[in-house]
1. Just want the ordering: Lys179, Lys157, from fewest to most Cβ atoms lying within 10 Å of their own Cβ.
2. Given only helices, namely DSSP H runs of n ≥ 4 each adding -39500 (n - 2.57), what is the per-residue ellipticity at 222 nm of the chain, to the nearest 500 deg cm²/dmol?
3. Fully extended, how many nm does the chain gain between Val32 and Thr98 (0.36 nm per residue separation, minus their Cα-Cα distance)?
4. For the residues Met127, Met111, Met69, what sequence is obtained by ranking on other C-beta atoms within 10 Å, fewest first?
5. Gain in length, Arg55 to Asp136, computed as 0.36 nm per residue apart minus the alpha-carbon separation, to one decimal in nm?
6. Give the range of the longest stretch in the chain that excludes all chymotrypsin sites (Phe, Trp or Tyr not before Pro) found in loop regions by DSSP and having at most 15 other beta-carbon atoms within 10 Å.
7. Kyte-Doolittle mean at least 1.0 and Cα extent at least 15 Å along the axis: which DSSP H helices of the chain qualify?
8. Cut-off is 10 Å between beta-carbons; in what order do Cys41, Cys115 appear when sorted fewest neighbours first?
Amino acid sequence: MAELNYEGAPPERASVTILFAETRGFTRMSEVLEAPVVLACTSAFFALVSTAVNRHQGFVASVFNDTIMATFAGLDNAQHIVLAAQEIQQHFGPLAETWDRDYDIRAAVAMGLHCGDVVVGLAAQPMPGQLLIIGDTVSVAERLLHRARAGEFVLSKAIMDELAVARFEIEAIALPPLKIPPREPIQIFAAPLDTRLDFT
């Protein structure tokens, strides 16, 4: 499968790499901001993530609240998803500075990256034509997002193994395994910013 673009194709199983990204610190502050400001800030965040994802051959699959999910076709695209995550990580800094200056919002971005098989197809109901990406791989990637601290992204061993095959080097530190009974614990790794942010 070259890309996740179905346009009427039948459902199928596919191997993908998945990136979840969300803001930390912004959603709570959105309760006290004017509605146009909330929408403008969220749109700026989604645009930043989408630009990085598209630049590195990914596809934005869904957005919800302050969270965006992107997919990259195939397991051999692990280096592309990491490059996208690194770009998001670095480019969020200037956006966060603007939010801090203009709205007194202290925010960061966190991400979770995983790869594996999913079922992909178009929904019949309740939103006909909506692209659906379903499977345990999606659930694990979302779990990794929640394990990430402010400013960092967390990768599964599956991603690290694909990076090793591609001879793509990344500085990452081992974290306590992700435990989702009854499966075996999943080895995970964190790629933090150079400067640790002290909030979550």
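1. On the way: Lys179 10, Lys157 15.
Ordered from fewest to most neighbouring Cβ atoms within 10 Å, Lys179, Lys157 come out as Lys179, Lys157.
2. Mean residue ellipticity at 222 nm (helix-derived): -11500 deg cm²/dmol.
3. Numbers: separation 66, 0.36 × 66 = 23.76 nm, distance 1.73 nm.
Answer, rounded to one decimal: 22.0 nm.
4. Met127, Met69, Met111
5. On the way: separation 81, 0.36 × 81 = 29.16 nm, distance 2.65 nm.
Working it through step by step, the gained length comes to 26.5 nm.
6. Details: sites that count: Phe168, Phe199.
That would be 1-167.
7. Values: long enough: 35-55 (30 Å, 1.38); 78-103 (36 Å, -0.50); 136-147 (17 Å, -0.24).
In the chain, the long hydrophobic H runs are 35-55.
8. Cys41, Cys115
No lab work stands behind these numbers, since they all come straight from the coordinates. If you're wondering where the values come from, they're calculated on a predicted model, not measured in any experiment. All Cβ positions, glycine included, derive from the backbone under ideal geometry; neighbour counts span all protein chains shown.
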